[in-house]
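J.: Handing you a structure now.
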């Protein structure tokens, strides 16, 4: 219940980081003029960490980077080996952290949180990255830090929206489904999404959005945070999965979705294939660049008009290996990312996301007409409602590869139904927790 | 010869069609590689302006120079040692017929059936324990071991076929076992040894799983091991991916074209003998 | 042999001395010979036999690769046999055998015999070279090439549209019914040349007079094929089957780069699941149980092939 309170503070975070004026002081760097090589491992396809690393070197020329990168699923595969290896990364993209923290592979960042001032930043920034002794997330020791705080929801192609008479974002799930049907009738592809096993199944996004639309978010978070007795197989989640199954059956997604890579889907959406796409604000800059002024965003609408929109909204987590050689420099980098005005600007321009950071940090300017304005605004609404969730693919390290992706692919292929999907994923979840 | 003209024609047409089918994939990626980087070409067709620069770009972004050096290093590390020790073992098993030859051979042959995927997990932990994980030896040392079954099996096939008369004669002249091996039988085995060497070089170059698991940095892997990572980076830039793939193929194809007689003749002579 | 010798003293003594000197030489050669085997054996034992034993050991443990190991008996094996996504990989592996083994061997036999009949000269050596090409490139590259050919905008669909079958166009590697056959076709492409060349080699060793007399009798290709070629090529067919069956059961590279096991578990093979179980999920025990089962299966399948192909050689 603690974490709900934390997440409820998200609007505060959003509001404060956008409202306060400059005046943040950065702590002294833990390195002098001697050359430092930061050993980093990033996710392919997202420019933000690379651009931040580049700017960091510009400001601290003696710090250079040895960056390895890989696709999300490969990254998940190699993370345990990298952390346990003899050349452990100073900085690594870390979708899940529970098992690694339990195994002592990750550095406990509480010391940095105190010495570098993270602890005084608006609370919710750290909570999702805390792991308690019993392995539940949400409280306990800090094992990762967000590079920024992303927001997910539904992007839409404004031109195509106009074609079917959509004047404003839908307010309820029924309105949304009505638009989907209209798009289908108008021979438009209603939703562009990816689903290849190599990228990881993108239908997890609409599924989770549906879950939060038709039911409470708390049980979903409990499940992701590995609370005792939590299950994904609840009646309201079943309802959500049935909605998704209907969408698939009605042909709202591309027929070749099981072979579409993440970057393909993003690319095809910008080329006008698909009225909607479920994705996150990290894609904002690419959308802005490829379809300027033509892309809009809304958070997934609730089932009833009286409800509030909900969203998967998670920090872009990075961790430091327990045996990292330059842990201090890496922690300093994380502080710098959230505090330095140039870095914050890069975070918004290139990352498209809320940079978080100290409450008094300067607000990066967002270009007028950028979809980032809409995602940031939606973030405030979702934060206020307390309906932010972590990602259902992050509950355990293999739940995406062994649970969601194959089972959702089966659903696309007509080989799995809504009930079976949730049962299978829950079974895989329990198997992994029992390990 | 009583083969009808129509049969000759049909048979040759069949072979030509089959050859076409075999090379079509190569032609398709070659054409694709010439499309402007970042575009989505169609599977077969010439681009309006051929982008030879894609190859240069792929060479750079794939860190090909470093990769070539790394691959060559691993080949040099593996092949000579593997050749020497497997030939020695095969000499002892096939020609000297030392006691226990049959059991030894059976043990080596067992290794022929073991899929790499079956032992990759313990291999990783073993390398961690002996401290060669993620070092320049990480790929080479296990490969030498993993090639032994085939290499010994292959060389034994040669030695088994050698007449023992030469050895007997040399023995009468007082030659030691080493002399027998080094002076007499090694020179006679030049052909199968060089075929084996070529085969092992190509295999090393093409090694994927071992490289993927045992070395973290893609640019310090083998060619094939790096290709997987390259695909990860440029999954949607199809022309660049195709250009990179071709670059990685070129060395292997060159070796094959240069030594195809030996590679194929190796198969003609050796594989079945065991 | 020597026991047959009737003993006069001298002959017996001579025989005895010959025997001991022979024995001594054998013993000495045995020792020196063992030294010759030692380096190869050590490398092999360290990097293949030891890991094999470790795999067996791990398969009885619950271990995350870092913490303490717990003995769990046969539980990991039970898991592999019970969980459909794991057991299914073994089924998939056997389905791949059809494509990786049966098709290339059958087709290879046909191609090789056609080659021998109609293309003895330059065309024959050219087709040998060309057909062999895919065998020489990295499997990863084969996967990437075919991943592109079989993609939505790729050559395969383009051809379909060209011949008016555009309706059948699909993302082959993302389709539940077609992904595994699609991976299989890549296997055929890679292995056909190897089988053809090997079988053709075998054919070249068959006494030509057999064919000549058959041809004098006027027997056609089909008859010649089934009555002479196939029976006499038993051994080569056995080698082809052995090599390709191992390739099918232990497939990893191609699947890893084309489908990563998807869609669903349609193309999940043991190698892929071992990799994910061990390195993503850190379930070393389960991964090793699957690995041990895989290795046992390979041997169980290979042994009868070996026996059958060698039967008549004694």
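J.: Take the Cβ-Cβ distance between residue A:33 and residue A:228 as r, set R0 to 60 Å, and report the resulting FRET efficiency rounded to the nearest 0.05.
T.: Efficiency for this residue pair is about 0.75.
J.: Relative to the compact globular guide of 2.2 N^0.38 Å, what is the alpha carbon radius of gyration of region C:75-313, as a ratio?
T.: 1.16
J.: Now, a different point. Give me the tail of P(r) for the protein assembly as shown as a percent: Cα-Cα pairs with distance above 47 Å.
T.: Taking all Cα-Cα pairs of the protein assembly as shown, the fraction more than 47 Å apart is 33 percent.
J.: Looking at the protein assembly as shown, what % of its DSSP beta bridges pair antiparallel, to the nearest 5?
T.: Antiparallel: roughly 60 percent of the beta bridges in the protein assembly as shown.
J.: Note the angle between two axes, namely the Cα long axis of helix A:327-339 and the longest principal axis of the Cα atoms of chain A, as a number of degrees from 0 to 90, rounded to the nearest 10.
T.: Relative to chain A, helix A:327-339 is tipped by roughly 60 degrees.
J.: A further question on this structure: Work the Kirkwood hydrodynamic radius out for region A:265-423: mean of 1/r over every pair of different alpha-carbon atoms, inverted, in Å.
T.: For region A:265-423, inverting the mean 1/r across all distinct Cα pairs yields 18.4 Å.
J.: On to the next question. Other chains near C:46-59: what is the mean number of their Cβ atoms within 10 Å of each residue's Cβ?
T.: 6
J.: Another question about this same structure. Pick from C:274, C:216, C:145: which is most flexible by mean-square fluctuation in a GNM of chain C where alpha carbon atoms under 10 Å apart are linked?
T.: Among C:274, C:216, C:145, the largest mean-square fluctuation in the Gaussian network model of chain C belongs to C:216.
J.: Cα-based Rg of region A:213-279 per 2.2 N^0.38 Å, rounded to two decimals?
T.: 1.42
J.: Also: For chain A, take the longest principal axis of its alpha carbons; what is the angle in degrees between that and the long axis of helix A:173-185, to the nearest 10 within 0 to 90?
T.: 70 degrees
J.: Right, something else. Can you tell me the length gained on complete extension of the stretch residue B:8 to residue B:84, counting 0.36 nm per residue apart and subtracting the Cα distance?
T.: 22.7 nm
J.: Count the DSSP beta bridges whose two residues both fall in chain A, then state the antiparallel fraction as a percent rounded to the nearest 5.
T.: Percentage antiparallel, nearest 5: 60.
J.: For chain B, rounded, prolate or oblate, judged on the Cα gyration tensor with a ≥ b ≥ c (square roots of eigenvalues), a/c < 1.5 rounded, else prolate if a/b > b/c?
T.: oblate
J.: Just how far, in whole angstrom, is region A:126-141 from region C:201-251 if you go by their alpha carbon centroids?
T.: Each part reduced to its Cα centre gives a spacing of 67 Å.
J.: How compact is chain A by the rule of thumb for globular proteins, expressed as Cα Rg over 2.2 N^0.38 Å?
T.: For chain A, the normalised Cα radius of gyration is 0.93.
J.: In addition: Just rank B:242, C:195, fewest to most, by other beta-carbon atoms within 10 angstrom.
T.: B:242, C:195
J.: Expressed as a rounded percentage, what relative contact order does chain A have, with Cα pairs under 8 Å and six or more residues apart?
T.: 29 percent
J.: Distances longer than 16 Å among the Cα atoms of region B:1-97: what percent of all pairs is that?
T.: 76 percent
J.: Further question on the same structure: Give the calculated FRET efficiency between residue A:185 and residue B:49 to the nearest 0.05, with a Förster radius of 41 Å applied to their Cβ-Cβ distance.
T.: 0.50
J.: Follow-up question, since we're still on this one. Would you mind getting me the FRET efficiency between residue A:305 and residue A:367? Use the beta-carbon distance for r and R0 = 45 Å, nearest 0.05.
T.: For R0 = 45 Å, the calculated efficiency reads 0.90.
J.: Neighbouring Cβ atoms within 10 Å as the yardstick, rank B:252, C:89, A:255, C:244 fewest first.
T.: Neighbour counts put them in this order, fewest first: A:255, B:252, C:89, C:244.
J.: Specify the inter-centroid distance of region A:341-386 and region B:21-70, based on alpha-carbon positions, in whole Å.
T.: Rounded to whole Å, the Cα centres lie 39 Å apart.
J.: Bin by bin, in steps of 10 Å, what percent of the Cα pairs in region A:281-370 do you find, going until the bin that has the longest distance?
T.: Once binned at 10 Å, the Cα pair distances of region A:281-370 give 14, 33, 32, 16, 4, 0.
J.: Follow-up question, since we're still on this one. So how far apart, in nm, are the two label points at residue B:102 and residue B:166 if each is 7 Å from Cα heading toward Cβ?
T.: Placing both labels 7 Å beyond Cα along the Cβ direction yields 2.7 nm.
J.: Still on this structure, I have one more. Project the alpha carbons of region B:160-233 onto their principal axes and report the range along each, largest first, in whole Å.
T.: 65, 19, 15
J.: If you project the alpha carbons of region A:153-224 onto their three principal axes, what span does each projection cover, largest first, in Å?
T.: Cα spread of region A:153-224 along its principal axes, largest to smallest: 40, 31, 17 Å.
J.: From the P(r) of region B:118-187, could you give the percentage of C-alpha pairs in the tail past 19 Å?
T.: 55 percent
J.: Does anyone have the angle between helix A:10-19 and the longest principal axis of chain A? Alpha-carbon axes, 0 to 90°, nearest 10?
T.: 60 degrees
J.: Among A:103, A:71, A:242, which one moves the most in a GNM of chain A with springs linking Cα atoms closer than 10 Å?
T.: Of A:103, A:71, A:242, the most mobile in the Gaussian network model is A:103.
J.: Let me ask you something else. Roughly how far apart, in whole Å, are the Cα centres of region A:170-197 and region A:66-105?
T.: 36 Å
J.: Find how much the distance from residue B:72 to residue B:135 grows on full extension, using 0.36 nm per residue of separation minus their present alpha carbon separation; answer in nm with one decimal.
T.: Gain in length upon complete extension: 21.1 nm.
J.: Oh, and also: Counting partner chain Cβ atoms within 10 Å of every residue's Cβ in B:139-146, what's the average?
T.: 4
Read-outs: derived from the displayed coordinates by stated rules, not from any lab. Since the model is a prediction, treat every value here as computed from it, not as a measurement. Methodologically, a virtual Cβ is constructed for each residue, glycine included, from the backbone with ideal geometry; neighbour enumeration extends over all protein chains shown.
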